[in-house]
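These notes are about the structure you will find just below.
The values are calculated or read from the model by the stated rules, or taken from the named source; none is laboratory data. Here the structure is a predicted model, which means the values were calculated and not measured. For neighbour counting, all protein chains shown are included, and Cβ atoms are generated from backbone atoms with ideal geometry for every residue, glycine included.
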């Protein structure tokens, strides 16, 4: 028996999935449901952006669903009870690491896959994913893993820069996030590059304070394994001291330049 086709859009709220979704609507393409997986740890401006796009989607009569895991990021980080052979009994997984990215698995991939599995029982699923035409490595991996995926941005030949410009032209700017960060992900991600963390410290001091409070809580719990420190190289406190030194140096150089200009 042939099952009816069901087209979903994986919508993170980032520039690529936003451009893909809006242009598919422009083209009048078939979209049955837009799926947003909420980690609970996105930037406030990202939530505002998602809300704006949702209004557009629903105004076109398209279903918009927000999916969430049974537990929060901080529950998995601090509260999840674990009894491992290596570390014994402890609560919480600590920070995600490049090897153990539990956040991606439990808060995103598992939630989405469980939802899509139910759709597949009654429909022939086509999942539209916003990978840009210049993301060669991610595309190669995706094509090897999923044959039911469709990549509209690749079909159109749209690069990441094309997607960002399309969104800017439509009046979406995420409160400046893409001018402050090269890659916009969860604000608390320990896998960010040092430049991204510097931007977090500079532009979002309240979130950086929260990041340090999370690390303090892990230390207070007496977490005995390596995921208690924010990254393999740095604690949040060390990052703060580094960024404070850099800021002082910039202020000093600025004053010195102003003094030299005044003498001329």
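If you go through the stretch 190-209, how many residues are exposed (fewer than 15 other Cβ atoms within 10 Å of the Cβ) and either touching a helix residue (DSSP H, G or I) at 6+ places or on another chain (Cβ under 8 Å) or closer than 17 Å to residue 96 by Cα (or both)? Residues flagged as exposed (fewer than 15 other Cβ atoms within 10 Å of the Cβ) and either touching a helix residue (DSSP H, G or I) at 6+ places or on another chain (Cβ under 8 Å) or closer than 17 Å to residue 96 by Cα (or both) within the stretch 190-209 amount to 3.
For the stretch 214-226, taking the residues that are in contact with a helix residue (DSSP H, G or I) (Cβ under 9 Å, 6 or more places away or on another chain) and assigned to a helix (DSSP H, G or I), the one that is modelled with the lowest pLDDT is identified as 219.
Does residue 31 satisfy the criteria of being under 19 Å from residue 158 (Cβ atoms), buried (at least 18 other Cβ atoms within 10 Å of the Cβ), more than 18 Å from the chain's Cα centre (by Cα) and touching a residue at least 12 places away in the same chain (Cβ under 8 Å)? Taking the combined requirement at face value, the residue satisfies it.
Tell me yes or no: at least one residue of the stretch 10-19 is within 29 Å of residue 199 (Cβ to Cβ), touching a residue at least 40 places away in the same chain (Cβ under 8 Å) and surrounded by fewer than 18 Cβ atoms within 10 Å (Cβ to Cβ). For the stretch 10-19, residues within 29 Å of residue 199 (Cβ to Cβ), touching a residue at least 40 places away in the same chain (Cβ under 8 Å) and surrounded by fewer than 18 Cβ atoms within 10 Å (Cβ to Cβ): absent.
Okay, residues lined up against (1) out of contact with any strand residue (DSSP E or B) (no Cβ under 6 Å at 6 or more places or on another chain); (2) free of Cβ contacts under 8 Å to residues at least 12 places away in the same chain; (3) within 22 Å of residue 175 (Cβ to Cβ):
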| position | (1), (2), (3) |
| --- | --- |
| 56 | yes, no, yes |
| 63 | no, no, no |
| 81 | no, yes, no |
| 85 | yes, yes, no |
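Among the candidates 24, 41, single out the residue that is surrounded by 15 or more Cβ atoms within 10 Å (Cβ to Cβ) and in a loop (DSSP other than H, G, I, E, B). From the options 24, 41, the qualifying one is 41. The single condition among (1) touching a strand residue (DSSP E or B) at 6+ places or on another chain (Cβ under 9 Å); (2) crowded, with 18+ Cβ neighbours inside 10 Å that residue 95 does not satisfy is (1). Taking residue 119 as the residue in question, decide whether it is surrounded by 12 or more Cβ atoms within 10 Å (Cβ to Cβ) and within 30 Å of residue 166 (Cβ to Cβ). In short, yes. Filtered by the rule that a residue be outside any strand (DSSP E or B) and without any contact (Cβ under 8 Å) to a residue 24 or more places away in the chain, the stretch 87-113 gives 99, 104, 105, 109, 113.
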